[in-house]
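FYI, it's all coordinate maths here, none of it is from the lab. Everything numeric in this text was worked out from a predicted model, so none of it was measured. Cβ: placed from backbone, ideal geometry, glycine included. Neighbour counts: every protein chain shown.
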Amino acid sequence: MKKSSFINGAFIATFAIFVAKFLGIVYVIPFYHIIGEQNGSLYGYAYTIYNLFLSLSTIGLPSAMSKIVSEYNTLGYYYTKEKAYKIGSIIVTVLGLLSFIILFIFAPSIAKAIIGDNIGGNTIEDITFVVRIISTAIIFVPILSISKGYLQGHKFIAPSSYSQIIEQIIRVIVILAGSYTFLNVFHLGMTNAVGVAVFGATVGAIGALWYVLRKIRKHREQLNRDALEKREEREISSKEISKKIITYAIPFVVFGITLSIYEFVDMLTVVKTMTHNLGYTIKEAESVIGVINTWGNKLNSIVIAISIGLTTSLIPNITGSFVSGKLDDVRRKINQAIQVLLFIALPITLGLSYLSVPVFNAFYGVNTWGPIVFKYSVFIALFNCVFNISVVMTQAVNKYKTVYIGIFSGILFKIIFNVPLMILTKNLGLHGFYGSITATLIGLGITIFINLLSLKKDIKVDYSKTIKVVARIILSLVIMFIVLTLLKFIVPLNNSSRMISILVVILYSLVGAVIYFALTYKLKVVDAILGKNFLNKILLKFKKRQKINQE
């Protein structure tokens, strides 16, 4: 294993998460045809409950482990670092087993709460069965997550990132091959087919866990080069380590549930406001909330993958520099993280918005409300990305109070102004649901502003270079969209064919990417972000490898 620099680690993690997310989107198309729309709800019931209990069983500990390992490793407290990993592993193992037992025992009660007395669809027995099947994954996923955090804390980003791809590939294979075989070869019925599909989460977690633990065992000496307890470490008790792990985990928990709160506010207010106050039908309102909270989110995950990759590398790198007192390095990495994020996320977000009609048609077929909602809601993904890294950067320098103030201020704005902004946008002649999306963007923007202001004030981060880089990125994007607008006269965006929509998206993406990267290269954006001659160094390494392979 090789340690990754901040940028290399970010690119590796982003690539891995992008591949995993892409697989997670693409498999839905054949899986939908295998089990059908109604039985997709049975699959969804299992995963909704699973995600909730998984959150309770990990409670932010993987990210906290990455931070605490990086901190102790930087200080040279190798014995305490290993002790922290063992304590963290015990905590998540216990929480995972408890969650599994509760979910397995109370699955019938959960099923009844979901389905009630309704008949004609999925039964309580069906839901109980799939919930119990997927509950087995909670035994393995928490220890997998904290082991990945342990590797990330050492700046070994590649193994933890590749494990995500392994997990997703195994999961998708089990979902598609298992459901098809159980249904069409063995004729075991739809419930068993969905059962084996949700069991893919368990099989994928076991495969990824085997890979990660094998890497840890194989490179034990490299990870733990000096496990002898130093004199100053003897004062660090297990209780103190446990307290620190929990202290570090709490902000990640708050951070993790923030967007769920935003979605929950929308769930409670959007449909009611649209139908009672704005004159929409219930069918229209439910279509809109479906795009905002579900179908649009699936596509938004493409953009969000970028920030997850960056934060994976940010946590150990900024923590290590901060603990070492290298504040200049902290400031450089903060600016670099923002620049890399906007360099990649801005064109993707604007591109998805511009191509909302063919993109939505390609994934979901022709839809009345989908493209209209997604054209604007995709910006939630961009703000989510900046929100993610701003929170992680602020946490990494131990400004927890700022994190809490920023997050709660944003949520409070969303709660107070969600409905008024919906009414305002409708009165301005726009769609009322644009007000809800605007409330989310402003809420996230408030958190971002508070975090970035704190970093500027407390550790003297200067954003002037980042502003200049972003200006060049925007100039490149303006020229790119002028060309794409001219292309619309030759290849229109509106059509009713899924295949043509896919071809249109590919064409516009290729043309846009070529123009954007050519312009940003000419304007030296890449050099400003990644250092001079970065691309030349990559090409030189590639040529050397080719030469070695030929020999």
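Values as computed for the structure displayed
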| quantity | calculated |
| --- | --- |
| Simple spin-label estimate for ILE415 and ALA471 in nanometres, 7 Å along Cα-Cβ | 4.1 nm |
| Long pairs among LYS218/LYS399; LYS333/LYS401; LYS67/LYS522; LYS272/LYS456, criterion Cα-Cα beyond 31 Å | LYS218/LYS399; LYS67/LYS522; LYS272/LYS456 |
| Efficiency of FRET from Cβ geometry, SER55 and LYS401, R₀ 22 Å, rounded to 0.05 | 0.40 |
| Cα-based shape type of the chain, given that a ≥ b ≥ c are square roots of the gyration tensor eigenvalues and the cut on a/c is 1.5 | rounded |
| Along principal axes, Cα extents of segment 1-236, largest first, whole Å | 68, 33, 26 |
| Proxy reagent accessibility, fewest Cβ within 10 Å first, across ILE407, ILE318 | ILE407, ILE318 |
| Average Cα contact separation per residue, the chain, under 8 Å, 6 or more apart, as relative contact order % | 17 percent |
| Residue order, fewest to most surrounding Cβ atoms within 10 angstrom, among PHE489, PHE360 | PHE489, PHE360 |
| Semi-axis lengths, Å, segment 207-347, gyration tensor of Cα atoms, sqrt of 5 times eigenvalues | 43, 20, 18 |
| Segment ALA513-ILE105, extension gain: residue separation times 0.36 nm, minus the distance between their alpha carbons | 141.7 nm |
| Separation of alpha-carbon centers, segment 150-210 and segment 399-413, rounded to whole Å | 36 Å |
| Virtual spin-label span in nm between ILE506 and LEU487, 7 Å along Cα→Cβ | 1.4 nm |
| Residue-averaged [θ]222 nm for the chain, counting only DSSP H segments that reach four residues, each worth -39500 (n - 2.57) | -28000 deg cm²/dmol |
| Stokes-Einstein D for segment 420-512, Kirkwood Rh over Cα pairs, 4 °C, 1.567 mPa s (µm²/s) | 75 µm²/s |
| Fewest-first ranking of THR319, THR181, THR368, using other Cβ atoms within 10 Å as the exposure measure | THR368, THR181, THR319 |
| Extension reserve of the LEU430-SER496 stretch, reckoned as 0.36 nm per residue once the Cα distance is removed | 21.2 nm |
| Length-normalised contact order for segment 260-339 - Cα pairs under 8 Å, 6+ apart - percent | 17 percent |
| Estimated FRET transfer efficiency (HIS219, ILE261; beta-carbon r; R0 30 Å; 0.05) | 0.15 |
| Radius 9 Å from Cβ of THR191, net charge of other residues (Lys, Arg +1; Asp, Glu -1) | -2 |
| HIS187 versus VAL28: modelled label distance in nm, points set 7 Å from Cα along the beta carbon direction | 3.3 nm |
| Relative contact order of segment 1-236, pairs being alpha-carbon contacts under 8 Å that are 6 or more residues apart, as % | 31 percent |
| Dipole magnitude of the chain about its Cα centre (Cβ charges: Lys, Arg +1; Asp, Glu -1), debye to nearest 20 | 2200 debye |
